[in-house]
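Everything below concerns the one structure shown next.
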């Protein structure tokens, strides 16, 4: 099966081509079959690849498949070739699995949409691109996948392009990502200049010899690459596109803007772990950006009233946790959280979609409440997702997030402050998620009477994926039970070959007692967040209002998302706009147009002057002729 | 005693000059055409005179060629003049400046 790994990519590509080119002729059933079937087949192949990889000895789990050479120019060589190792095998499994569930969900959610075929062909193209990104065995091919998922993200955010806000959000996502991709592209070029190759395997193997530990080259490469990751994975300061990306259809938010594409940055950092380990400054930057983002985005999530935006800020915050893990060298923990996050965040988004489906697109949680009785399946699955993300023991998020918070404290590159960022973020996470749950599903209904009548459970096509994801969100963490609780932390052991010498760098230097204490603290933090949310939104529902009034200025600041969009607009967008207007009005209109038009006018003027010689009278021409002959003859005679 | 070469050349120059002046000053298109014939014949006279003077026949052969061309040119020119006259009821070249832009 390992040899057939390219089939993973082939099926979604075929699905995209079939539906994209001929879909307008197909019936609904055929479209569904092609779209879901292709991704389903891709998932089965991924599963086969994964199981085959498991059969090999841990140190032999490294397989490269060259499909065909791509660019060969002098010393620069790349091929369409794939790398299968524990990291990429896990990623294709998660990507194709979650994508398959979301495709099925979409057949219910997008049922009445006129752009049905377009939607599914984009979604298949996205799946293909994302799988290409994670399977690529060289930076350039990864970059192709990287850009292609960005394109699909743009197309799907702006899927309802007739809505101006959606079209604008698509553009915003694309442009903000461009800033990051610019760094990524420079990073790839610098890598090639220094290593003479873009393939992962030689780069990672030779990194310790070629680069000097903490040297300028290592720092420059990794910071540039990290800039790309910051853009794609929506970290400070380039996170602003992700909340706006919620304008797209909800399954898209679940697949692209929660489970898969936004995790590409973490995947890239983890894939190049050996490079990052050579640059302690970059590692610190990664950890700080991740930790600060985790706390910062969570704080914005506390106050939002739009169900999808709360989840969007939550996603940014959780991505911050993953970077925090990578920054302290715990790449395995980062990828572990990436996986569990893919399950529970996709689940939460799909539940939000189910709620919107029932309430005719209503997004404001202040206008919901009491939906538990109308939508029991959605409620219970949402509850599972909430418990998982809040880090309640026994659910997947507990294992992965606790691992990150612990590593932030205990690893050689960890620090108490990093732990504090993570722990404070965890408190907020538990609070805003339960606030969301209570406001949406509990308490008295605040629905309008029409919506009250309309509210219903979603069809099976949508609830079945919810249930599957809920199960995964609960049990997904059991592959990584820490040693302390008697587990073997199997996932990190599985991922170890991909990270090479990394595990030694993050050797724990604390005793089991400290770890247990930290674990108890983080459980208490999570429960504290839940308790706070319970008091605020179930028991004393007037409390939030009172607090908001007392701390008016802080409340307005956070409610308006720290005015970051406004600041960016004033500091970056408006000056650039001003500059563009100068370029247009002065340089373009006066200089360029002026010179082009001036040249034409000059030619016309000369023409007008010469035209006067052409009188149309035969005698004048004859005279000119004779004069000419006389002059020429005179010249020859007098010479 | 044969006529000296200079006389022939002088006559040819006079004929040619009369032709040139005719082309430049006259307004009637037919006269202009005739003046062009004068110029051609002036040139022919020099050719014949030199041919005799140099005892070389090729000059006379050339004159035949010039005469055929002159005949053809006259035929075409007259045809054009006839057409212009039919259209504009005039062969005055000062009235014929419509070909310019």
**Message:** Being assigned to a helix (DSSP H, G or I), more than 14 Å from chain B (Cβ to nearest Cβ) and more than 27 Å from residue A:168 (Cβ to Cβ) is the requirement here; does residue A:598 meet it?
**Reply:** yes
**Prompt:** Mind checking which pairs have a first residue in segment A:607-624 that is within 7 Å of chain B (Cβ to nearest Cβ) and in a helix (DSSP H, G or I) and a second that is modelled with pLDDT under 80 and surrounded by 11 or more Cβ atoms within 10 Å (Cβ to Cβ), Cβ under 7 Å, 6 or more apart or different chains?
**Reply:** A:618/B:96
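Residue under question is residue A:197, and the condition is that it be within 22 Å of residue A:73 (Cβ to Cβ) and not in a helix (DSSP H, G or I); does it hold? Working first, answer last.
Values: within 22 Å of residue A:73 (Cβ to Cβ): yes; not in a helix (DSSP H, G or I): yes.
Yes; evaluated as a whole, the condition is true for this residue.
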**Asked** Quick one: which of A:630, A:591, A:564 is out of contact with any strand residue (DSSP E or B) (no Cβ under 6 Å at 6 or more places or on another chain) and within 14 Å of chain B (Cβ to nearest Cβ)?
**Response** A:630
**Asked** Do we find that residue A:66 is free of Cβ contacts under 8 Å to residues at least 40 places away in the same chain, farther than 21 Å from residue A:131 by Cβ and in contact with a strand residue (DSSP E or B) (Cβ under 9 Å, 6 or more places away or on another chain) in this structure?
**Response** no
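Just to be sure before I move on: is residue B:85 away from chain A (no Cβ under 14 Å), over 21 Å from the mean Cα position of the chain (by Cα) and either in contact (Cβ under 8 Å) with a residue 12 or more places away in the chain or farther than 30 Å from residue B:2 by Cβ (or both) in the structure I sent?
Values: away from chain A (no Cβ under 14 Å): yes; over 21 Å from the mean Cα position of the chain (by Cα): yes; either in contact (Cβ under 8 Å) with a residue 12 or more places away in the chain or farther than 30 Å from residue B:2 by Cβ (or both): yes.
Yes: the conditions hold for residue B:85.
From the list B:32, B:15, which residue is within 14 Å of chain A (Cβ to nearest Cβ), touching a helix residue (DSSP H, G or I) at 6+ places or on another chain (Cβ under 7 Å) and under 25 Å from residue A:624 (Cα atoms)? Show your work before the answer.
Numbers: B:15 fails: within 14 Å of chain A (Cβ to nearest Cβ).
Result: B:32 is the single residue among B:32, B:15 that is within 14 Å of chain A (Cβ to nearest Cβ), touching a helix residue (DSSP H, G or I) at 6+ places or on another chain (Cβ under 7 Å) and under 25 Å from residue A:624 (Cα atoms).
Quick one: is residue B:70 more than 25 Å from residue A:613 (Cβ to Cβ) and within 13 Å of another protein chain (Cβ to nearest Cβ)? Even if it seems obvious, please write down each step before you answer.
Working: more than 25 Å from residue A:613 (Cβ to Cβ): yes; within 13 Å of another protein chain (Cβ to nearest Cβ): no.
Taking the combined requirement at face value, the residue does not satisfy it.
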**Request:** Mind counting the residues in segment B:23-35 that are surrounded by fewer than 19 Cβ atoms within 10 Å (Cβ to Cβ) and either farther than 18 Å from residue B:84 by Cα or in contact with a strand residue (DSSP E or B) (Cβ under 7 Å, 6 or more places away or on another chain) (or both)?
**Result:** 4
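Going by the structure shown, is residue B:49 surrounded by 12 or more Cβ atoms within 10 Å (Cβ to Cβ), more than 14 Å from chain A (Cβ to nearest Cβ), in a helix (DSSP H, G or I) and under 17 Å from the mean Cα position of the chain (by Cα)?
Values: surrounded by 12 or more Cβ atoms within 10 Å (Cβ to Cβ): yes; more than 14 Å from chain A (Cβ to nearest Cβ): yes; in a helix (DSSP H, G or I): yes; under 17 Å from the mean Cα position of the chain (by Cα): no.
Answer is no for this residue.
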**Item:** Enumeration of residues in segment A:393-412 that are more than 26 Å from the chain's Cα centre (by Cα) and either over 20 Å from residue A:521 (Cβ atoms) or not in a helix (DSSP H, G or I) (or both)
**Value:** A:393, A:394, A:411, A:412
**Prompt:** Name the helices (runs of 4 or more DSSP H) wholly within segment A:430-504 that hold at least 3 residues that are within 17 Å of residue A:339 (Cα to Cα) and at pLDDT 85 or above?
**Reply:** A:460-475
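Yes/no per residue for (1) surrounded by 16 or more Cβ atoms within 10 Å (Cβ to Cβ); (2) in a helix (DSSP H, G or I):
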position	(1), (2)
A:35	yes, yes
A:38	yes, yes
A:45	yes, yes
A:51	no, yes
A:69	no, no
A:81	yes, no
**Message:** Pull out all pairs, ordered by first then second residue, where Cβ-Cβ is under 6 Å, the residues are six or more apart or on different chains, the first lies in segment A:142-168 and is without any contact (Cβ under 8 Å) to a residue 60 or more places away in the chain, and the second is in a loop (DSSP other than H, G, I, E, B) and crowded, with 21+ Cβ neighbours inside 10 Å.
**Reply:** A:167/A:158
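The values are calculated or read from the model by the stated rules, or taken from the named source; none is laboratory data. From a predicted model like this one, the values you see are computed outputs, not experimental measurements. Note that each Cβ is placed from the backbone with ideal geometry, even for glycine, and that neighbours are counted across all protein chains shown.
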